[in-house]
1. Hey, any hits in the range 660-667 for a residue that's assigned to a helix (DSSP H, G or I), under 21 Å from residue 756 (Cβ atoms) and out of contact with any helix residue (DSSP H, G or I) (no Cβ under 7 Å at 6 or more places or on another chain)?
2. Among the residues of the range 710-729, write down those that are in contact with a strand residue (DSSP E or B) (Cβ under 6 Å, 6 or more places away or on another chain) and surrounded by fewer than 22 Cβ atoms within 10 Å (Cβ to Cβ).
3. In the range 33-55, which residue that is surrounded by 20 or more Cβ atoms within 10 Å (Cβ to Cβ) and within 18 Å of residue 202 (Cα to Cα) is modelled with the lowest pLDDT?
4. Just name the residue that is nearest to residue 731 (Cα to Cα) out of those in the range 643-662 that are modelled with pLDDT under 85 and surrounded by fewer than 17 Cβ atoms within 10 Å (Cβ to Cβ).
5. Of the conditions (1) in contact with a helix residue (DSSP H, G or I) (Cβ under 6 Å, 6 or more places away or on another chain); (2) touching a residue at least 24 places away in the same chain (Cβ under 8 Å); (3) assigned by TED's automatic domain parsing to the domain that holds residue 440, residue 517 clears all except one; give me its number.
6. Exactly one of (1) modelled with pLDDT of 70 or more; (2) surrounded by 11 or more Cβ atoms within 10 Å (Cβ to Cβ) is unmet by residue 286. Its number?
């Protein structure tokens, strides 16, 4: 028996229209009596069915797609909704005529219709009575025929044999329902509750697994008892086949042992994969197994790989998870588990490589050589986590490549600037579509070794968002005690990063998470002096740009004096990035002259440089004047290195108030306020009449107002500027200062001394005033960097005034009420 769907005709809705299902209405004895009383028309519109026979009382859905059928149904809906349904002799005939259909059929009532998007119509039909075609009277636009009713010859009500046949049909039908898993259990309940004997026979006949001809033969039997007996015979045959099939399946299932079962299932999967995808993946699985045998991973990883490979074999290749699983297994195979490059322990050669690639940077080179020495002695030392800290353009990133060359290791680099998703570090979980490992694991895979030199660029520019905090994820990566078992969400296994030499770069330490900073060894890389920049230009930048522009190294030469001219007049930075661009401009100009066959000097002069680069961009000599009171040169630290800072103050009539301009931060505003209050409370130390503060107000300004300025380095410079304005005394030429003050007049130390010293040299400063405690910073700077500089170490503000101010008043000095100095 076929699959039925049990519904009530009263609750039939359009969603129940399923062309593959039969319908069992709740058909009672009263319904049969009412149907028998109905008279059938003498003429009926005939609807041919391809592969279906309709029996009286049975409800079936059909889909009409032929133009004739659609037209017939539409006209029937406008009338009494009654049509004649017959089966086609040959279902392949597209447009059946009168000779292409059986002579017996069933009168049907249209219960519901549904128009489909493709233009077809789904119709629910209920059979009423059997009829025989007497004459075809019309074939266009659809079949129409004269019909006569074919009445059932029903047995006597007391016919015991017929009653036994009906009971047997019910029992056999129930057994078929139990044995066949494709038939819903509700069908058994419906069969029990059928009251009409004729409907029971018709319903079972309609649902037997018979072809159209056999079902038509049952429909054409006029004697209901004979039809019931033939139906029972057919049911017994079907039940026997079903029992035999179940017995065979049971025997096969018992005989198959575990090995045979697995083989059978694998063969089924293989066949299904070939049908769906066109290729077999068995070869792919076998190649993965071979690669796994050559890996140097431990037993735990091997066990995990085998488990995941078995899981992949059971997957349907068409589902999205299959590709994720394949990518996962390929990643495990491509990762360099316990695969290391052999380090080079030739320390002298390593030092030569570092010196050749980078001029200066002695602290970094010393630390790398120390690491190589210890590694040579122990051969199992955990690699250090270095953080190169300094302004842009000083060679922090490129030092990593030189270290890799010196050690003979692979080199990888990732930029962390602006990274805000934790999954970029730890990877995505495999449950997500498009999941992938983090950038750490991806880079290790790319390096094909577990001990590369790994540069983490711009680590101070990591940021956080609602996707997590990458800085916290980096804690495990950069902790020597934890990264032996680094856990990536995608890999789901611990990977050893302890042999990786991490080198982080940073422009600022303030924005690095304290816990992360604590795990790294910070090496400060300060800016270059004019002499160092000149050597870098000669040894590295000029040869590199000549090569990149297709010119011979001997095409042009730049004398040392001209190189210093380029460095001092066209750059004002701690690094050499801007200098590299200026050199590139010069080389491009020479390349143009060669192509256009223009004359050019092979030995460039300052005039040639001005012609190519334009007028000098910076002139440090313009700040040396001391003809105006209140102008002091301070020293400041910025993210691009040291810089000089000019602080101006001027008096105007007023009540001793302080006004500040120049885009100053809170710290510098507080320094100015402290300086003025100290001067007011100690005016006698500076020869200032206290009455002056009642007659004049002071304005402090720091030029370049577009640039925000803040920090504790300008306290003594502000106080010196104010004292100069109040006393109208000149400030010494070529003097700069840096330091903070207190209300007691004590000078406090500040940071960034080396950068500030380099900035002072670039500006032709000759004397520098510092706090005594900053002497330790000066002692760490190479003596050659300090050539031409004189340092004054002070402890009190009065010492600063004595060193910075002369007794000579400026020209056109204001007439202030002051004591004689």
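1. Yes, the range 660-667 contains at least one residue that is assigned to a helix (DSSP H, G or I), under 21 Å from residue 756 (Cβ atoms) and out of contact with any helix residue (DSSP H, G or I) (no Cβ under 7 Å at 6 or more places or on another chain).
2. 712, 728
3. 35
4. 656
5. (1)
6. In the conditions (1) modelled with pLDDT of 70 or more; (2) surrounded by 11 or more Cβ atoms within 10 Å (Cβ to Cβ), residue 286 misses (2) alone.
Okay, residues lined up against (1) touching a residue at least 60 places away in the same chain (Cβ under 8 Å); (2) within 21 Å of residue 335 (Cα to Cα); (3) within 20 Å of the chain's Cα centre (by Cα):
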site: 449; (1), (2), (3): yes, yes, no
site: 459; (1), (2), (3): yes, no, yes
site: 463; (1), (2), (3): no, no, yes
site: 473; (1), (2), (3): no, yes, yes
site: 476; (1), (2), (3): no, yes, no
site: 482; (1), (2), (3): no, yes, no
site: 491; (1), (2), (3): yes, yes, yes
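Residue by residue, here is whether (1) farther than 30 Å from residue 200 by Cβ; (2) without any contact (Cβ under 8 Å) to a residue 60 or more places away in the chain; (3) in contact with a helix residue (DSSP H, G or I) (Cβ under 9 Å, 6 or more places away or on another chain) holds:
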| residue | (1), (2), (3) |
| --- | --- |
| 60 | no, no, yes |
| 81 | no, yes, no |
| 84 | no, no, no |
| 100 | yes, yes, no |
| 111 | no, no, yes |
| 128 | no, no, yes |
| 139 | yes, yes, yes |
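The values are calculated or read from the model by the stated rules, or taken from the named source; none is laboratory data. Quick caveat, the model's predicted, so the values are computed rather than measured. Note that we place each Cβ from the backbone using ideal geometry, even for glycine, and neighbour counts take in every protein chain shown.
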